[in-house]
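Since every read-out is calculated from the coordinates, none of them should be taken as a lab result. Note that the coordinates shown come from a computational prediction; the quantities given were computed from them, not determined experimentally. Backbone-built Cβ (ideal geometry, glycine too); neighbour counts: all protein chains shown.
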Amino acid sequence: MTGASRGIGRAIAARLAAEEAVVVVHFGTDEHGAAETVAEVRRAGGTALAVRAELGVDGDVETLFAGVEAGLAGRPLDILVNNAAAAPAGPIGATTRAEFDHLFAVNVRAPYFIVEHALPLLRDGGRIITISSVATRMANPAQTSFAMTKAAVETMSRTLANQLGSRGITVNAVAPGATRTPANGAVFDAPGLVEHIVGATALDRLGGPDDVADVVAFLASDAARWITGQVIDASGGLFLGPRV
């Protein structure tokens, strides 16, 4: 899975390992974080290895899959999780062309070609799960370009689900909402922000990485074999409407 060195990605890696998956922990720059993810998986009795590849640059997917194939050692790929993403770059007028291009290179181009490279390795009946965002169903001017990238991978998931169904491969997206992680904790320190988000969330709390990881694990399981082409909202009901 991509982007597994911290936060939601680390939680997903640990959760899948708990189901006896052998996890390839991809990271871009955070080698220490990836090593911690691998160690966490191994402490729990699972198997993991780390692969480094900076996404959004020339040769990124080829570098990634050189490591993936070496780690698989001839075994098929069962589950692909596209989690790595560049963060929102700001509202229109604040995002430079270079930032915009980087955002789409990491969040859209990389997942697309990662899937393309994965398909010959992915077994029939396998799973493709891409992490999206509730930003696609909300009008947040501060995340315009970011929301555009996530809408793109949701469309990719639906069309690939239709294409790959004959192989029994399910393709879905998971859309987290406000999720506090060790990496982004400072964001939630802004006065009143947590109270505002919780007040707009049906389940009345912030999300955590495990909340998202459990949804991914379900979609990766045989229990979700009849679910494909869907975007699963994992936000606790963020901004569903007025709360009375």
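Mind putting a number on the dipole of region 1-142 about its Cα centre? Charges go on the C-beta only, +1 for Lys and Arg and -1 for Asp and Glu, and I need it in Debye to the nearest 20. All intermediate terms of the calculation are to be shown ahead of the outcome.
On the way: 12 positive and 16 negative charges, 84 e Å.
Charge dipole of region 1-142: 400 debye, to the nearest 20.
Quick one: angle between helix 60-72 and the longest Cα principal axis of the chain, in degrees between 0 and 90, rounded to 10, please.
Relative to the chain, helix 60-72 is tipped by roughly 50 degrees.
Using all Cα-Cα distances in the chain, what percent lands in each 10 angstrom bin from 0 up to the longest?
For the chain, the pair-distance distribution reads 7, 32, 39, 18, 4, 0.
Any idea what the dipole of the chain comes to, in debye rounded to 20, about its Cα centre with Lys/Arg Cβ at +1 and Asp/Glu Cβ at -1?
Details: 19 positive and 25 negative charges, 82 e Å.
The calculation lands at about 400 debye.
Whole Å is fine, so just give me how far the alpha carbon centre of region 12-66 lies from that of region 157-220.
Region 12-66 and region 157-220 have Cα centres spaced 19 Å from each other.
Of L193, L16, L103, how do they rank once you tally other Cβ atoms within 10 Å and put the fewest first? Walk me through the intermediate numbers first.
Numbers: L193 13, L16 26, L103 21.
Ranking L193, L16, L103 by Cβ neighbours within 10 Å, fewest first, gives L193, L103, L16.
Place a +1 charge on the Cβ of each Lys and Arg in region 22-94 and a -1 charge on the Cβ of each Asp and Glu, then give the dipole magnitude about the Cα centre in debye, rounded to the nearest 20.
About 280 debye.
For the charge dipole of the chain, defined by +1 on Lys and Arg C-beta atoms and -1 on Asp and Glu C-beta atoms about the Cα centroid, which residue among Q163, A135, A17 has the Cα displaced farthest towards the positive pole?
Q163
Out of region 1-86, which GluC sites (Glu not before Pro) are coil in DSSP terms and have no more than 12 other C-beta atoms within 10 Å?
Answer by residue number: E19, E20.
Only bridges with both residues in the chain count here: give the DSSP antiparallel percent, nearest 5. Walk me through the intermediate numbers first.
Values: 1 of 22 bridges.
If we restrict to bridges inside the chain, about 5 percent are antiparallel.
With unit charges on the beta carbon (Lys/Arg positive, Asp/Glu negative), name the residue among A190, V174, L206 whose Cα is farthest towards the positive pole of the charge dipole of region 135-244.
The residue sitting most towards the positive pole is V174.
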